[in-house]
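Q: One structure, pasted below without further comment.
The values are calculated or read from the model by the stated rules, or taken from the named source; none is laboratory data. Just so it is clear, the model here is predicted, and its values are computed rather than measured. Positions of Cβ are backbone-derived with ideal geometry, glycine not excepted, and every protein chain shown enters the neighbour counts.
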Ligand SMILES: Cc1cc2nc3c(=O)[nH]c(=O)nc-3n(C[C@H](O)[C@H](O)[C@H](O)COP(=O)(O)OP(=O)(O)OC[C@H]3O[C@@H](n4cnc5c(N)ncnc54)[C@H](O)[C@@H]3O)c2cc1C
């Protein structure tokens, strides 16, 4: 038996949101309630990405939501955060898809791309007619992408790409891959390239057997002498800073998304605890230890909401630092994973079944803790900021 989501607003933060922000959240929440909740357990069980929802999400303006023009919604960063929160209340895999399409593909095209690249890709990606993936991680280089071995060699008016990418979200369903490679010249700088996935020499293979993010497509990419026109280079890219700027966008959305997963777990546990009776026919919610767990969760969720909201307001004001985003991603994903574990405990045996969303969120959050900078790498990023010493 599933419960209808009640929302979590212990600190009355809703009173401070604008009408537009509340409208965006309501739209995303209704979309998830009507379209995602009814099918997500089946998708998860059968390892299926619900592709049929892509055009609907495009119509609602969820892709490239913060971009102005090109058919995008031009939302504020706080509004976009509320969208990712609601998406991940549904499932982290769905939010991952939105993050990759928006923050890791449309953002670099918009920020680093030529006018022609922008007009070719952005309007179609906003509608969900064209899908993207982001290839940074390699089998041998995850936390340390600067070690990448994928290379791009200039030959006349083409680049020729060779290399392997791993753990790439949406790799098998993408029309275009944003591939990060070192250019074989005197500088060996990392640059971004738009690689159409039907080019000879490009191959995507799906990673199966995941116990996490099962409703999301994860792939390995192989590039063997892939020829692309020199005009497919993203001209504004130069150095590792460029992909890290994209990751910052995505990490920001994840910080909100994790709140959504945590709210789903907490809300389920709260409603369950009020209904479930043990000892003297009393609801377990009336026992002190259960209350302590519920209080821990609502307190941590409230703190996470404040953190993401403040980072979002800084981002909208143009004053956010990458260290702020690292703190929000690191804290909120940890908090959500703890909420999933505590909620599972409150549901007892029922907590391990697919009748409730908790185990699914818990398994998803293990990936979310690792990708986009692991929990510990974010500690090192923040540590470097406050001490001035890099400890990688
Ligand atoms: C489901 C999923 C989807 C993904 N999607 C994408 C995608 O779309 N595009 C993409 O490019 N990548 C993607 N990734 C890859 C992801 O970003 C990497 O997994 C992540 O960066 C960590 O790299 P790694 O797995 O190689 O771990 P490693 O870098 O090998 O780290 C292993 C452990 O060592 C720790 N560690 C590493 N270095 C240090 C250090 N200096 N000090 C202390 N501890 C350290 C880490 O914190 C971690 O605990 C995805 C991953 C997953 C699981």
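Q: Just give me the residues in segment 276-288 being in a helix (DSSP H, G or I) and either touching a strand residue (DSSP E or B) at 6+ places or on another chain (Cβ under 7 Å) or touching a residue at least 40 places away in the same chain (Cβ under 8 Å) (or both), in sequence order.
A: 284
Q: Of all the residues that make up segment 139-167, how many are more than 8 Å from the ligand (Cβ to nearest atom) and not in a loop (DSSP other than H, G, I, E, B)?
A: Looking only at that region, the number is 14.
Q: Hey, any hits in segment 305-318 for a residue that's outside any helix (DSSP H, G or I), free of Cβ contacts under 8 Å to residues at least 24 places away in the same chain, within 25 Å of the chain's Cα centre (by Cα) and farther than 21 Å from residue 265 by Cα?
A: There is at least one residue in segment 305-318 that is outside any helix (DSSP H, G or I), free of Cβ contacts under 8 Å to residues at least 24 places away in the same chain, within 25 Å of the chain's Cα centre (by Cα) and farther than 21 Å from residue 265 by Cα.
Q: Select from segment 223-257 the residues that are over 22 Å from residue 325 (Cα atoms) and either without any contact (Cβ under 8 Å) to a residue 12 or more places away in the chain or in a strand (DSSP E or B) (or both) and list them in ascending order.
A: Of everything in segment 223-257, those that are over 22 Å from residue 325 (Cα atoms) and either without any contact (Cβ under 8 Å) to a residue 12 or more places away in the chain or in a strand (DSSP E or B) (or both) turn out to be 223, 224, 225, 226, 227, 228, 229, 233.
Q: Please count how many residues of segment 284-298 are over 14 Å from residue 3 (Cβ atoms) and either buried (at least 16 other Cβ atoms within 10 Å of the Cβ) or touching a helix residue (DSSP H, G or I) at 6+ places or on another chain (Cβ under 8 Å) (or both).
A: 8
Q: Let me ask another. Assess whether residue 346 counts as being modelled with pLDDT of 95 or more and over 30 Å from residue 287 (Cα atoms).
A: Here the answer is no, as residue 346 does not meet what is asked.
Q: Restricting attention to segment 356-376, does a residue exist that is buried (at least 16 other Cβ atoms within 10 Å of the Cβ), more than 16 Å from the ligand (Cβ to nearest atom) and either at pLDDT below 95 or outside any helix (DSSP H, G or I) (or both)?
A: yes
Q: Residue 228: within 15 Å of the ligand (Cβ to nearest atom), in contact with a strand residue (DSSP E or B) (Cβ under 7 Å, 6 or more places away or on another chain) and within 24 Å of residue 118 (Cα to Cα), yes or no?
A: no
Q: Still on this structure, I have one more. Within segment 340-351, is there a residue that is over 17 Å from the mean Cα position of the chain (by Cα) and not in a helix (DSSP H, G or I)?
A: Yes.
Q: Counting just the residues of segment 95-136 that are away from the ligand (no atom under 13 Å from the Cβ) and within 27 Å of residue 258 (Cβ to Cβ), which one comes out surrounded by the fewest Cβ atoms within 10 Å (Cβ to Cβ)?
A: Taking the candidates together, the pick is 111.
Q: Restricting attention to segment 84-103, report how many residues are touching a strand residue (DSSP E or B) at 6+ places or on another chain (Cβ under 7 Å) and farther than 20 Å from residue 71 by Cβ.
A: 1
Q: Going through segment 198-214 one residue at a time, which ones are away from the ligand (no atom under 11 Å from the Cβ), assigned to a loop (DSSP other than H, G, I, E, B) and either surrounded by 23 or more Cβ atoms within 10 Å (Cβ to Cβ) or without any contact (Cβ under 8 Å) to a residue 24 or more places away in the chain (or both)?
A: Across segment 198-214, the qualifying residues are 198, 209.
Q: Any residue in segment 327-338 that is more than 22 Å from residue 169 (Cα to Cα), part of a helix (DSSP H, G or I) and more than 25 Å from the chain's Cα centre (by Cα)?
A: The answer is no, given that none of the residues of segment 327-338 is more than 22 Å from residue 169 (Cα to Cα), part of a helix (DSSP H, G or I) and more than 25 Å from the chain's Cα centre (by Cα).
Each row is one residue, and each column tells you yes or no for (1) more than 16 Å from the ligand (Cβ to nearest atom); (2) surrounded by fewer than 22 Cβ atoms within 10 Å (Cβ to Cβ).
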position	(1), (2)
300	yes, yes
303	yes, yes
337	no, no
343	yes, no
346	yes, no
382	no, yes
